[in-house]
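Single-structure report; data block below.
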Amino acid sequence: MQDTRFHEFLHRQIPMLVGLSLVPGLAYIFLGWLHDVFVPAVGWYVLMLLTAAWGIHLYRSFDAATMSETRREQWYTQCSRLVYAFFTLWALIFLIYVRLDAYKLHYIAIFTEIGASVVASSLLASDKRLFRPTILVLMIPLTVYFTLIGEWYAYVLAIFSTILTWVLLYAARSTNTLLMQTRHQATHDALSGLYNRQYFIEHLQRRMNSLNESGEHGYLLLIDLDHFKTVNDTLGHDVGDRLLQGVVERLLDTAPDHCVVARLGGDEFIITGGSFTQRDACEAEALDVARQLLSALKTPYVVGAHQLYISASIGVSLLGPGDCNANRFIKEADIAMYEVKEKGRDGVFVFDAEMARRVEGDLEIERLLHFALPRGEITLHYQPQVDRAGRIIGAESLVRWTSPTLGTVPPDRFIPIAEQTGLIIELGRHILETAFRTLGDWHRAGLVLKQFSVNISMRQFTHPGFAAQVEELVRRHLDPVVVQTLMFEITETVVAEDIEGVIRTMQRLKALGIRFSMDDFGTGYSSLSHLNRLPLDELKVDRAFVLALRDDDGDRAMVVTILNMAKLFGLNTVAEGVETAAQHAFLMHHGCGMFQGYFHSKPLARDAFELFVQDNAATRNAI
Ligand code: C2E
Ligand code: MG
Ligand code: MG
C-alpha cells in the first residue's frame, strides 16, 4: 500500500521531468539542424512535446484530498508509463545521435545517456518499479554500443559503463531502502507495530473518497481499553506495554483480513473495514466484529507473573457516501465510545442521530456557558438540611444557570460539560466565592448553621491550584469560626485519581477546619479500603436509594447497610432526596442523622432560604 506522501513526491517530479526533457531537447534540434538530422530530431522533439503534454495532464489531474484509492492507483500506473516514455525517448535520441561520429555528436549522445541515467537514479529512487527498468533501458544500449566498436578502449568503456550501471542501481536502491525505513517509522507506531494515527487518517480519507465514488458503506471501530491506566499505575509501564502488545495480537487475529488496524495513541485503537451497498448490512457486520473483539480481548492475558483481565469500550461510526471528512467520523466513533464508558464500559454503541443531537446540544451549552459567568446568569440555591429533631441545621449550595437562550439548564447537564472543557475551574471558583460570601453574610446576620455544604467537582478538586485558591477565598470571606461549618462534598470519582494526592489536598483543607462529605454514596465504585483511607466526616446516601425505599427489599437493605457502615466508620449521615413521610420515618428508624429533600424543602434562592429559616424558627418557637 502506498501512502499519499509517496504519490505526492512522484507528483512533484513530473514538472522536473518535463523541464529536464523539453529545455535540453531544444539543443538537440539545433544540433540536428547543423548536422543533417533535423527531421529525426524534430520528430523526436514532437514526441517529447506530446509526452510532456501528457505529463502536464497527469500533473493537473492529481488531487490528494479527493482521489479514491482506485483512481490513485490508475494515476500511478499512468505516471509509471509517463516515466518510461520520457526515458525511452532519451534512449531514442542516443540511438539517433550515436551514429553520427563524423560530427562528434556521438560524444553528446553518450553524455546524454549517462546524464539521463543519473537523473533516473536520483529522481526515481523512491520506487523500485520505476528506477530499475529506466536505468537498464538507458545504460544497456550504451554498453552494447561500446562493445560493438570493437576496439580495446571501447571494451574498457563497456566494462566501465557496466560498473556505472551497477553503481547507479546500487545508489538508487540504498536511497530507496532508507526512504522505506523512514516511511515505515513515520507511518507506524513503534510499540505495537500498527499504523499510527497520522497514517490512519490519510488512509481513512482515501477510503472515504473511494466509498464516495462507489456509493458504498464502511465502518469505523474505535476501541478504548477500560481502566488501562490502573494497570500502568499499579504494575508499571513495562507490564502495561506488554499487555498492549497482547491486545494488539488479539485485534489483528480477530479483525477481518480486509480491515486496517491502527493505534491512535495510549490505549486507543481504531479499525476500518467493510464495503457494503446496504447500510444495515454494514452496521450488522460492524457490530459483529465489535462483539468478537470484545470477547477476544476479555480472555485473560499472562504477562510475566501476572494474570491480567481487561475489557474494552467500542464506539462505531458508519462511513457513508456523501460526507468526506475522515476526522468527523473518528469524532463520531469517539462520542459513541464515550457513551459506552458512561453506561458502564465493556460494550459497543453505534453513533446515531440521537447522539449527534446531544453532542450539538453540548456544544451549544459549552458555547453559552463561556458567557454565563460574566453575564451573571449563574446563581446559587440553597437546600435546607434538617436534623433528627426537625431543626434546620445546614444547607447545601446548588448551582443554577438561567440562560436567556436555553432557559434553565440543570447542573447535571452543564457541570459535566464544564468539567470536560476545563471551565469548571473558573465556574468552581465563582461558586465557592458566592457560597462563602453568603455564608459570611448569614453568619454576621445571625443566621447560624451547623454545616454549610458546597459541591466540589473532581476536576476542580484535583486541579493543582485548588487548595491555595480555597485558602485565599477563606481568608477573604470567612472568620475562622465560620470555616468550621464548611463541608465540601466530593464524589466517589475522586478515588479514580491519584489517591495520595487527594488525601494530601483533603488534609491541607482540613487544617483550615473544612470537613468532607462523600456525596452520592453507593453509586460509584469506591472500595471500603478507600473509604477508610480518606479523611471523611460524612456520607450522603444517594437519592436513588432513598427513592427506591418505597417497595424494593434489596434497596432497603442497601440503605440500612450504608447507615450501619457509616456508624462503624464514625461518619455522620445525610439522606438525600427525602420526599415522603414514609421515607423519613424509615431513615429515622435506622439512625440516619440528617435529612435533605423535597419533604422538607426544595432548593431555595438566597432570600427564600432566609425566610424559610425564619418561618421554621417562628413555627418551632410557637410550638
Ligand atoms: P447532588 O450534590 O447530589 O445534589 C442533590 C440533588 O438532588 C440536587 O439536584 C437537588 O436539587 C436534588 N434534590 C434534592 N432533594 C430532592 C428530592 O427530594 N427529590 C428529588 N428528585 N431531587 C432532590 P440539582 O440541584 O439538580 O443538582 C444535581 C447535581 O449537580 C448535584 O447532585 C451535584 O452533583 C451537581 N451540582 C449541583 N450544584 C453544584 C455545584 O455547585 N458544584 C458542583 N461541582 N456540582 C454541583
Ligand atoms: Mg451534593
Ligand atoms: Mg448527591
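The values are calculated or read from the model by the stated rules, or taken from the named source; none is laboratory data. In this text the structure is predicted, and so the values were computed from the model without any measurement. With ideal geometry, Cβ positions are generated from the backbone for all residues, glycine too; neighbour counts draw on all protein chains shown.
Between Thr421, Thr434, Thr405, Thr379, which is surrounded by fewer than 19 Cβ atoms within 10 Å (Cβ to Cβ), in contact with an Asp or Glu (Cβ under 6 Å, 6 or more places away or on another chain) and among the hydroxyl-bearing types (Ser, Thr, Tyr)?
So the residue among Thr421, Thr434, Thr405, Thr379 that is surrounded by fewer than 19 Cβ atoms within 10 Å (Cβ to Cβ), in contact with an Asp or Glu (Cβ under 6 Å, 6 or more places away or on another chain) and among the hydroxyl-bearing types (Ser, Thr, Tyr) is Thr421.
Examine the stretch 538-545 for a residue that is among the charged types (D, E, K, R), under 25 Å from Gln385 (Cβ atoms), within 16 Å of ligand 2 (Cβ to nearest atom) and assigned to a helix (DSSP H, G or I), and state whether such a residue exists.
Taking every residue of the stretch 538-545 in turn, at least one turns out to be among the charged types (D, E, K, R), under 25 Å from Gln385 (Cβ atoms), within 16 Å of ligand 2 (Cβ to nearest atom) and assigned to a helix (DSSP H, G or I).
If only one of Leu211, Leu243, Leu264 is touching a residue at least 60 places away in the same chain (Cβ under 8 Å), closer than 19 Å to Ile335 by Cβ and not acidic (Asp, Glu), which one is it?
Leu264 is the lone residue from the list that is touching a residue at least 60 places away in the same chain (Cβ under 8 Å), closer than 19 Å to Ile335 by Cβ and not acidic (Asp, Glu).
Would you check if Leu95 is crowded, with 18+ Cβ neighbours inside 10 Å and under 25 Å from Tyr84 (Cβ atoms)? Spell out how you get there, then give the answer.
Details: crowded, with 18+ Cβ neighbours inside 10 Å: no; under 25 Å from Tyr84 (Cβ atoms): yes.
No; evaluated as a whole, the condition is false for this residue.
Within the stretch 218-228, can one find any residue that is surrounded by 14 or more Cβ atoms within 10 Å (Cβ to Cβ), under 21 Å from the mean Cα position of the chain (by Cα) and assigned to a helix (DSSP H, G or I)?
Taking every residue of the stretch 218-228 in turn, at least one turns out to be surrounded by 14 or more Cβ atoms within 10 Å (Cβ to Cβ), under 21 Å from the mean Cα position of the chain (by Cα) and assigned to a helix (DSSP H, G or I).
Considering only the stretch 599-617, I want to know if a residue exists there that is closer than 30 Å to Ile503 by Cα and outside any loop (DSSP other than H, G, I, E, B).
no
Quick one: is Ala511 crowded, with 21+ Cβ neighbours inside 10 Å, more than 17 Å from Arg459 (Cα to Cα) and more than 12 Å from ligand 3 (Cβ to nearest atom)?
no
Within the set of pairs 6 or more residues apart or between chains, which connect a residue that is farther than 15 Å from Trp442 by Cβ and part of a loop (DSSP other than H, G, I, E, B) inside the stretch 480-491 to a residue that is modelled with pLDDT under 95 and away from ligand 3 (no atom under 13 Å from the Cβ) with Cβ atoms less than 7 Å apart?
Taking only residues 6 or more apart or on different chains, the pairs are Thr491/Met458.
Check Val470, Val502, Val454, Val494 and return the single one that is closer than 30 Å to Ala585 by Cα, within 16 Å of ligand 1 (Cβ to nearest atom) and either surrounded by 20 or more Cβ atoms within 10 Å (Cβ to Cβ) or of a type in the set (Gly, Ala, Ser) (or both).
Within the list Val470, Val502, Val454, Val494, the selection yields Val454.
So, of the residues in the stretch 578-591 that are out of contact with any Leu (no Cβ under 6 Å at 6 or more places or on another chain) and not in a helix (DSSP H, G or I), which turns out to be nearest to ligand 3 (Cβ to nearest atom)?
Val578
Give the stretch 340-354 a look and list any residue that's in a helix (DSSP H, G or I) and either over 18 Å from the mean Cα position of the chain (by Cα) or not assigned by TED's automatic domain parsing to the domain that holds Leu294 (or both), or say none.
Step one: of the stretch 340-354, the residues in a helix (DSSP H, G or I) are 340-342, 353-354.
If the condition is that a residue be in a helix (DSSP H, G or I) and either over 18 Å from the mean Cα position of the chain (by Cα) or not assigned by TED's automatic domain parsing to the domain that holds Leu294 (or both), then Ala353, Glu354 are the ones that fit.
Restricted to the stretch 568-587, and to residues that are under 22 Å from Leu536 (Cα atoms), touching a residue at least 12 places away in the same chain (Cβ under 8 Å) and out of contact with any helix residue (DSSP H, G or I) (no Cβ under 8 Å at 6 or more places or on another chain), which residue is farthest from ligand 2 (Cβ to nearest atom)? Give the derivation first.
First, pick out the residues of the stretch 568-587 that are under 22 Å from Leu536 (Cα atoms): 568-577, 587.
Filter once more, so that each one left must be touching a residue at least 12 places away in the same chain (Cβ under 8 Å): 569, 571-577, 587.
Restricting the remaining residues to those that are out of contact with any helix residue (DSSP H, G or I) (no Cβ under 8 Å at 6 or more places or on another chain) gives 571, 574.
Working: Leu571: 15, Val574: 9 Å.
My answer is Leu571.
Restricting to the stretch 276-317, name every residue that is crowded, with 19+ Cβ neighbours inside 10 Å and part of a loop (DSSP other than H, G, I, E, B).
Within the stretch 276-317, Ile310 is the sole residue that qualifies.
Could you list, in sequence order, the residues of the stretch 124-152 that are under 50 Å from the mean Cα position of the chain (by Cα), among the hydroxyl-bearing types (Ser, Thr, Tyr) and over 12 Å from Val83 (Cα atoms)?
Ser126
Looking at Ile96, Ile159, Ile110, Ile163, which one is assigned by TED's automatic domain parsing to the domain that holds Thr51, in contact with a Phe, Trp or Tyr (Cβ under 7 Å, 6 or more places away or on another chain) and assigned to a helix (DSSP H, G or I)?
Selected residue: Ile96, the only one of Ile96, Ile159, Ile110, Ile163 that is assigned by TED's automatic domain parsing to the domain that holds Thr51, in contact with a Phe, Trp or Tyr (Cβ under 7 Å, 6 or more places away or on another chain) and assigned to a helix (DSSP H, G or I).
Exactly one of these conditions fails for His530: (1) away from ligand 3 (no atom under 14 Å from the Cβ); (2) crowded, with 20+ Cβ neighbours inside 10 Å; (3) assigned to a helix (DSSP H, G or I); (4) not charged (D, E, K, R). Give me its number.
Among (1) away from ligand 3 (no atom under 14 Å from the Cβ); (2) crowded, with 20+ Cβ neighbours inside 10 Å; (3) assigned to a helix (DSSP H, G or I); (4) not charged (D, E, K, R), the lone unmet condition for His530 is (2).
Restricting the first residue to the stretch 309-334 and requiring it to be among the small types (Gly, Ala, Ser), which pairs with a second residue that is in a loop (DSSP other than H, G, I, E, B) and crowded, with 18+ Cβ neighbours inside 10 Å meet a Cβ separation below 9 Å and a spacing of at least six or different chains?
Ser311/Asp226; Ala312/Asp226; Ala312/Asp267; Ser313/Asp226; Gly315/Phe351; Ser317/Phe351; Gly320/Glu216; Ala333/Phe351
Identify the single condition in (1) in contact (Cβ under 8 Å) with a residue 24 or more places away in the chain; (2) farther than 30 Å from Val350 by Cβ that Thr182 does not satisfy, given that it satisfies every other one.
Among (1) in contact (Cβ under 8 Å) with a residue 24 or more places away in the chain; (2) farther than 30 Å from Val350 by Cβ, the lone unmet condition for Thr182 is (1).
Could you check how many residues of the stretch 557-577 are buried (at least 16 other Cβ atoms within 10 Å of the Cβ) and not in a helix (DSSP H, G or I)?
Qualifying residue count, the stretch 557-577: 7.
Among the residues of the stretch 191-212, are any at pLDDT 95 or above and assigned to a strand (DSSP E or B)?
The answer is yes, given that some residue of the stretch 191-212 is at pLDDT 95 or above and assigned to a strand (DSSP E or B).
Taking the stated definitions as given, is Leu427 more than 16 Å from ligand 3 (Cβ to nearest atom) and in contact with a His (Cβ under 9 Å, 6 or more places away or on another chain)?
No, not satisfied.
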